[in-house]
Amino acid sequence: MSRLVHCVKLNREAEGLRAPPYPGPLGKRIWETVSQEAWRQWLAHQTMLINENRLTPMEPKARKFLEEEMEKYFFGGGSEPPKEFVPPRA
């Protein structure tokens, strides 16, 4: 049986994540309040951030940046793409 959460990103009830997707208190908070759909949206946004900023996720500085952006994306004012980012055409 799936678990429903009131998703902070989508502002509606939706299917919750099966397990915390990130370690520590931030991962627990995401698990409790973020839906699977919003998490998939974050993964796409995170991929764009990694590519556009040419990050190496293994580096501590890059991981810290991504964690801060994740916090903003879900619980802050949102995570913005780099100014130079041009979305792909549909």
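Take every Cα pair under 8 Å whose residues are at least 6 apart in sequence, average their separation, divide by the length of the chain, and the relative contact order is 22 percent.
How would the stretch 4-75 be classified by its alpha-carbon gyration tensor: rounded, prolate or oblate, with rounded meaning a/c under 1.5 and the a/b versus b/c comparison settling the rest? Prolate, because a/c is 1.5 or more and a/b exceeds b/c.
For LEU10 and THR56, the FRET efficiency from 1/(1 + (r/R0)^6), where r spans their Cβ atoms and R0 equals 35 Å, is about 0.70. Relative to one another, the C-alpha centroids of the stretch 1-42 and the stretch 74-90 are positioned 20 Å apart.
Can you list the GluC sites (Glu not before Pro) in the stretch 60-90 that are in a DSSP coil and have 11 or fewer other beta carbons within 10 angstrom?
GLU84
Report the chymotrypsin sites (Phe, Trp or Tyr not before Pro) located in the chain that are in a DSSP loop and have at most 13 other Cβ atoms inside 10 Å of their Cβ, or state none.
PHE85
Local charge for ALA19 was computed over the other residues whose Cβ lies under 14 Å away, with Lys and Arg +1 and Asp and Glu -1, and equals +2.
Distance between the modelled labels on GLU32 and ALA90, one decimal in nanometres: 3.7 nm (7 Å Cα→Cβ projection).
What does the charge count around VAL34 come to, taking other residues whose C-beta lies under 14 Å from its C-beta (Lys +1, Arg +1, Asp -1, Glu -1)?
Spelling it out: positives minus negatives among the neighbours equals +3.
Using alpha carbons only, how many degrees (0 to 90, rounded to 10) separate the axis of helix 60-75 from the longest principal axis of the chain? It is inclined by approximately 50 degrees. Working from label points 7 Å from Cα in the Cα-to-Cβ sense, the MET48 to LYS72 distance is 1.3 nm. Are there any trypsin sites (Lys or Arg not before Pro) in the chain that are in a DSSP loop and have at most 16 other Cβ atoms within 10 Å? List them by number. Here the trypsin sites (Lys or Arg not before Pro) that fit, given the DSSP loop and packing criteria, are ARG3, ARG18, ARG54, LYS83, ARG89.
Read-outs throughout are calculated quantities, based only on the coordinates presented, and are distinct from any laboratory measurement. What you see is a predicted model; the values in this text were computed from it and never measured. Quick reminder, even Gly has a Cβ in these numbers, built from the backbone with ideal geometry, and neighbours come from all protein chains shown.
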